[in-house]
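One structure is given below, encoded as structure tokens.
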């Protein structure tokens, strides 16, 4: 019997990787076996290419990864961007002006590096401590970079929705914006900060469905997408089968066709065995 799907799209944090940033051995073996049988196994993540690289090395796959929530496409084999969007100078200036006026911790993320002002307190230090490739500089320097993303951290807004709405009104430029409480990430469970990520215009992780169709001839209805968070909704809605983790946010659950176990188990391995290796 022919298999019903030809590709699987995988979010990383809260999905493919456990809270300790590892991949369950059963899941790793199943994904490698599926890739060996011709299945397109692809990562779609909000992480930068720098933070995604360790996972790509573990997976050892030929497929590129959608990074920065759809703003870029990274090839781990060649260590190059295949696609890369950047914020306009006007948009970058406006978001940095907003961050400065509000006294927000601000990080400018570019190809190969991230730039921020030095943290002013322990809360900010902890928010930044595991950022791969982070460098500190002066405020004026942040405006000189070709930014793929600007990340803002707030301790003063009530919710990330409210924070995002304020940023969107202040910037008032075409962008793709995601937001979440920082404590959703396993490494920041104790944090009270809220996060807004501002990217160039794109369709979020839904860009992965476009890449699969354009570069590999796999239509969206032949793709399984697996995620757990609000920034996964774009790819879940566009896929043939939308799967969410047991630890998924309500926004992701609302568009799911199927729910599996949580990210600290072998549940993705079992799913891959069922759909692609049976």
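Structure notes:
- Lone qualifier among 134, 105 - being in contact with a strand residue (DSSP E or B) (Cβ under 8 Å, 6 or more places away or on another chain), buried (at least 21 other Cβ atoms within 10 Å of the Cβ), at pLDDT 95 or above and closer than 18 Å to residue 198 by Cα: 105
- Qualifying residue in the range 108-115 (condition: under 14 Å from residue 96 (Cα atoms) and assigned to a helix (DSSP H, G or I)): no
- Selection count where residues are out of contact with any helix residue (DSSP H, G or I) (no Cβ under 6 Å at 6 or more places or on another chain) and outside any strand (DSSP E or B), scope the range 240-258: 9
- In the set (1) outside the structural domain of residue 192 (by TED's automatic domain parsing); (2) surrounded by fewer than 22 Cβ atoms within 10 Å (Cβ to Cβ), residue 72 fails one condition alone, (2).
- Selection count where residues are in contact (Cβ under 8 Å) with a residue 12 or more places away in the chain and either assigned to a helix (DSSP H, G or I) or surrounded by 12 or more Cβ atoms within 10 Å (Cβ to Cβ) (or both), scope the range 116-131: 10
A quick yes/no check of all residues on (1) closer than 28 Å to residue 18 by Cα; (2) free of Cβ contacts under 8 Å to residues at least 24 places away in the same chain; (3) within 16 Å of the chain's Cα centre (by Cα); (4) part of a helix (DSSP H, G or I):
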{"position": "135", "(1), (2), (3), (4)": "yes, yes, no, no"}
{"position": "170", "(1), (2), (3), (4)": "no, no, no, yes"}
{"position": "205", "(1), (2), (3), (4)": "yes, no, yes, yes"}
{"position": "225", "(1), (2), (3), (4)": "yes, no, yes, no"}
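- Looking across the range 190-225, not a single residue is within 10 Å of residue 7 (Cα to Cα) and in the same structural domain as residue 164 (by TED's automatic domain parsing).
- All positions within the range 207-223 that are under 30 Å from residue 169 (Cα atoms) and either in contact with a strand residue (DSSP E or B) (Cβ under 9 Å, 6 or more places away or on another chain) or not in a helix (DSSP H, G or I) (or both): 207, 208, 209
- One residue from 31, 59, 50 being surrounded by 18 or more Cβ atoms within 10 Å (Cβ to Cβ), modelled with pLDDT of 95 or more, under 23 Å from residue 195 (Cα atoms) and in contact with a strand residue (DSSP E or B) (Cβ under 9 Å, 6 or more places away or on another chain): 50
- Among (1) more than 21 Å from the chain's Cα centre (by Cα); (2) within 18 Å of residue 126 (Cα to Cα), the one test that residue 218 misses: (2)
- Failed criterion for residue 107 (all others in (1) in contact (Cβ under 8 Å) with a residue 24 or more places away in the chain; (2) within 24 Å of residue 203 (Cα to Cα); (3) not assigned by TED's automatic domain parsing to the domain that holds residue 154 hold): (3)
- Selection from the range 87-107 of residues that are part of a helix (DSSP H, G or I) and closer than 14 Å to residue 155 by Cα: 99, 102
- Residue list for the range 172-191, restricted to those being more than 25 Å from residue 16 (Cα to Cα) and surrounded by fewer than 15 Cβ atoms within 10 Å (Cβ to Cβ): 172, 174
The values are calculated or read from the model by the stated rules, or taken from the named source; none is laboratory data. All values reported here derive from a predicted model rather than from experimental measurement. For neighbour counting, all protein chains shown are included, and Cβ atoms are generated from backbone atoms with ideal geometry for every residue, glycine included.
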